[in-house]
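Contents: one structure, followed by commentary.
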Amino acid sequence: MSITDHLTVRDAVQSSPWADEPRPSTPAGWLERASDVAGILAADAVERDRAQAVPTVEVQLLKDAGLVTLLGPVEHGGAGQTWDLAYQVVREVASGDGSIGQLLAYHYLWAWAVRLVGTPEQIAAVEELYTTGNLFFGGAVNPRDNDLTIRDEGDEIVFTGRKSFSTGSKVSDLTVLEGVLEGTDKHIFAIVPSQQPGIVFHDDWDNLGQRLTESGGVTITDVRVPWSAAAGYVDKEQVELVYGTLNLPTIQLVFSNFYLGIARGGLKAGTAYTRSTTRPWPYGGDDKASASEEWYILEGYGRLQSQLWAAEALADDVGREISALLHAPREDLTPEARGKVAVRVAAVKQLATDIALEVGTKIYELTGARASSNKVGLDLYWRNARTHTLHDPVAYKRREVGEYALLGKIPEPSWYT
């Protein structure tokens, strides 16, 4: 029996189940640790979703488990693992709670953002800061919002404005800001402490699903950053690399993996309910003693499981491909290699979207009418999947794959490609 069996999130944080455990040293060990975290999250996921409290304790669980510094440098106390593992960890955690899987996923993205566009000096400083401090990232980055502007004031830049979404807001230690320099089309990223007078997070995240992601709006007022901390800028000019355009495929594959985690969690919840509670149908002319013998239930779960396994296998394959690019020398990446992996990510994104939504709907047919009771909570999986899969239209991902298949065309880098 695992040391984390039957623990709720609050119990786990209070008892520190890993305090006397050696930290994992292998990918398999880290996946086991993520599985433990998922089990804890799943124990009261429905109740926590209903309460919609700020997930301070959940983020502390991620920190205590060591997952926050999975990608952090070993020399600063991090695990020094690679992105292919991070994607699988996100999927595993999301199977226990889709909201917390998204928070961890976004943390990994923002922790890596400085590697994508920063200078070597900036990379070293940020990675030492967050890894040694076990700090958690949020991000006020939304390219469709043009309300955050940046003033150039000599040695400093000053961020002022508003963003509609800031995932991880109140539970973050550091926030990634993104805005446009006044009088130019230059986008600038900077990492700042989340708790400061110039950053006010709003209590306006009240959406259908992913309720614990703290993704509400934020107002930024005169947040000052030295030009030396403007990611990728030297003497006020941006140093651009093709590597920086990996940002979007990396993000899209992160989305795909927590969609798959949500699907995995929904399938697990559905099969558990069917085994324990669903009754066989007595009017089919071929009556069964239990629901687990019903042919349509077996066929339904068989189809969902097969589709999920196929999507996960492709996700793992593409995860290894993009991980190899992310961990290679930044100067080596070509536009062609970037474009090909972006197409593969687009393929995963559409499959992950489809199976997450189908699981969230189909499990009701396979569990029966009584499973629609609010106390059962199966609605959690569809709500979570439906909410985030609206982030950007999946039809564009299908088009990108179609253009590659038909015309050999790779997608041009954009804010969503």
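The values are calculated or read from the model by the stated rules, or taken from the named source; none is laboratory data. Since the model is a prediction, treat every value here as computed from it, not as a measurement. Glycine also receives a Cβ, built like all others from the backbone with ideal geometry; neighbour counts cover every protein chain displayed. Keep in mind that these areas ignore ligands, DNA and RNA; they rest on the heavy atoms of the full protein, side chains included. Shrake-Rupley method; radii C 1.70, N 1.55, O 1.52, S 1.80 Å.
Points worth noting:
- Simple label model, 7 Å out from Cα along Cβ direction - Asp354 to Thr26, nm: 3.6 nm
- Amide H to amide H, with H built 1.01 Å from N, Gly138 comes under 5 Å of Asp173, Leu174, Thr175, Val176, counting only residues 5 or more places away or on other chains.
- Distance-filtered residues of the range 292-329 - backbone nitrogen under 19 Å, label point 7 angstrom along Ser372 Cα→Cβ: 297
- Each part reduced to its alpha carbon centroid, the range 340-417 and the range 201-268 end up 19 Å apart.
- Distance between the modelled labels on Ser15 and Ala53, one decimal in nanometres: 1.8 nm (7 Å Cα→Cβ projection).
- Kirkwood Rh, angstrom, the range 304-379 [1 / mean 1/r, Cα pairs]: 14.8 Å
- Of the solvent-accessible surface of the range 243-380, computed with a 1.4 Å probe and all protein chains present, 56% belongs to carbon and sulfur.
- Other-chain or far-sequence residues with amide H under 5 Å of Ser215's (modelled H): Gly168
- Helices that extend 18 Å or more along their long axis by alpha-carbon positions and average at least -0.5 on the Kyte-Doolittle scale are, among the DSSP H runs of the chain, 27-43, 83-96, 98-117, 120-133, 247-276, 295-326, 335-367, 394-407.
- Here, P(r) means the percent of Cα pairs in each 10 Å bin from 0 to the largest distance; for the range 274-417 it is 10, 29, 27, 17, 12, 4, 1.
- Global size of the range 1-139 as Cα Rg and Dmax, reported in angstrom: 14.7, 47
- Surface composition of the range 81-120: carbon and sulfur make up 46 percent of the accessible area, probe 1.4 Å.
- Per residue, the accessible area of the chain comes to 43 Å² when a 1.4 Å probe rolls over the protein heavy atoms.
- Among Gly402, Ser166, Ile40 - extreme Cα towards positive end, dipole of the chain, charges at beta-carbon: Gly402
- Theoretical FRET efficiency, 1/(1+(r/R0)^6), r = Cβ-Cβ of Asp222 and Ser290, R0 56 Å, to 0.05: 0.30
- Share antiparallel - DSSP beta bridges, the chain, percent rounded to 5: 80 percent
- Accessible surface of the range 1-79, 1.4 Å probe, proportion on carbon and sulfur as whole %: 51 percent
- Fluctuation leader among Leu253, Leu366, Leu380 - the chain, Gaussian network, Cα springs under 10 angstrom: Leu366
- Length-normalised contact order of the range 202-279 in % [C-alpha pairs under 8 Å, at least 6 apart]: 13 percent
- Across all directions, the average flat footprint of the convex hull enclosing the Cα atoms of the range 265-354 is 7.4 nm².
- In this structure, Ala125 and Leu208 have a Cβ-Cβ separation that, at R0 = 56 Å, corresponds to a calculated FRET efficiency of about 0.90.
- Site pair Asp332 and Tyr416 shows an inter-label distance of 3.3 nm when each label is modelled 7 Å from Cα along Cα→Cβ.
- Structure-based [θ]222 nm, the chain - -39500 (n - 2.57) summed over DSSP H runs of at least 4, per residue, nearest 500: -16500 deg cm²/dmol
- Orientation-averaged projection of the range 103-172 equals 5.6 nm² [convex hull of Cα atoms, one quarter of hull surface area].
- Hydrodynamic radius of the range 57-196 by the Kirkwood approach over all distinct alpha-carbon pairs: 15.7 Å.
- For the chain, the spread of Cα positions along each principal axis, largest first, Å: 81, 56, 40
- Table column - 3J(HN,Hα) (Hz), the range 164-181, Karplus curve with 6.51, -1.76, 1.60, x for Gly and Pro: 6, 10, 8, 4, x, 2, 6, 9, 8, 9, 10, 10, 8, 9, 9, x, 10, 5
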